[in-house]
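Only one structure is covered here, and it is reproduced in the block below.
Any read-out appearing in this document is the output of simple, stated calculations on the displayed coordinates, not a laboratory observation. None of these values were measured; they are calculated from a predicted model. Cβ atoms come from the backbone with ideal geometry, glycine included; neighbour counts cover every protein chain shown.
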Amino acid sequence: MTMIAFEHVTFRYGRSSILQDFSLQVERGERLVLLGPSGCGKTTILRLVAGFVAPDSGIVSIEGRPVSIDGRIVVPPEKREVGMVFQDLALWPHMSVEENVGFGLKVKNVPKKERNRRIEEILRLVGLERFGKKRPSDLSGGERQRVALARALVLEPKILLMDEPLSSLDRPLAERLAQEIVRLQRKIGFTLLYVTHLEEEAAIIGTRRLSIQKRTSSN
Ligand SMILES: Nc1ncnc2c1ncn2[C@@H]1O[C@H](COP(=O)(O)OP(=O)(O)OP(=O)(O)O)[C@@H](O)[C@H]1O
Ligand SMILES: [Mg+2]
């Protein structure tokens, strides 16, 4: 079953064309790695899936349902069941790990008991069960990365978008965490769109890879 589809998508920022007649299908449970030079539009593709921007023309669909059509966002980001982890993790420094992870559930008015159960479960899954009361500043880079992952996964997204999530970590740790992401994806089954410029990471993560070409002209 097709989880994400781009059909003839055109996207521009002002006068510069980023995507031109771009089509893509991602099947459920795939781990698609997006590669390509800086500025080619990788983050833009993730933003189109999340619904932060709309294509100028063409259609973006999730599970066969158009979510953006020809410049219009039909399904807003909060209704898309899409999770995100970006390079700057944007954890809240004044909140504990538990509070960071539980924040999205709180916003969704999930009752406290259920919230705590899900926070506990996801922290166990990412190996942070003993870190719930700590602040992000008291954690290592790899642990912070796991918090960001837990915060996205606790909302049970159908699609997880990751934009160079491990690039600030040293290589051995990044590769361990990449294996961890694969393990979690196999266990939970979400569809993964993963941006990296590192060959080793792409090889660990991807069931498929897509190289995006940089467009040079502004037409
Ligand atoms: N908000 C914006 N306004 C105008 N131009 C933008 C904006 N965001 C991105 N761009 C431009 O769009 C192009 C594609 O950006 P995008 O962030 O998708 O690239 P990328 O492939 O993710 O690059 P990188 O590997 O450096 O992260 C770039 O040339 C960028 O300068
Ligand atoms: Mg980018």
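Key figures for this structure:
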item: Nearest-20 debye value, the chain charge dipole, Cβ charges on Lys, Arg, Asp, Glu; result: 540
item: Helix 97-107 vs. the chain, principal-axis angle (Cα, 0 to 90°, nearest 10); result: 60
item: For the chain, calculated [θ]222 nm from helices alone, where every DSSP H run of n ≥ 4 adds -39500 (n - 2.57); result: -10000 deg cm²/dmol
item: Rotationally averaged projected area of the range 43-132 (alpha carbon convex hull; nm²); result: 7.3
item: Reduced Cα scattering model of the range 92-155, Debye log10 I(q)/I(0), q = 0.14, 0.18, 0.20, 0.27 Å⁻¹; result: -0.32, -0.53, -0.66, -1.19
item: Cα gyration tensor shape of the chain, rounded if a/c is under 1.5, else prolate or oblate by comparing a/b with b/c; result: prolate
item: The chain: angle of helix 112-125 to the longest principal axis, Cα-based, in degrees nearest 10; result: 80
item: Fewest-first ranking of TYR194, TYR13, using other Cβ atoms within 10 Å as the exposure measure; result: TYR13, TYR194
item: Contour minus Cα-Cα distance for ASN109 and ALA203 (0.36 nm per residue); result: 29.9 nm
item: Taking ILE119, ILE188, ILE59 and counting other C-beta atoms within 10 Å, the order from fewest to most; result: ILE188, ILE59, ILE119
item: Dipole of the chain [Lys/Arg +1, Asp/Glu -1 at C-beta], most positive-end residue of CYS40, VAL9, PRO157; result: PRO157
item: The chain: antiparallel DSSP beta bridges as a percent of all, rounded to 5; result: 50
item: Lysine-lysine proximity count for the chain, Cα under 21 Å, sequence distance 8 or more or distinct chains; result: 14
item: Charge-dipole axis of the chain as Lys and Arg at +1 and Asp and Glu at -1 on Cβ define it, positive-most pick from PRO76, GLN87, LEU123; result: LEU123
item: Footprinting exposure proxy for GLU98, GLU143 (fewest neighbouring C-beta atoms within 10 Å first); result: GLU143, GLU98
item: Separation of alpha-carbon centers, the range 130-192 and the range 1-16, rounded to whole Å; result: 27
item: Rounded to 10°, Cα long-axis angle of helix 141-153 versus longest principal axis of the chain; result: 70
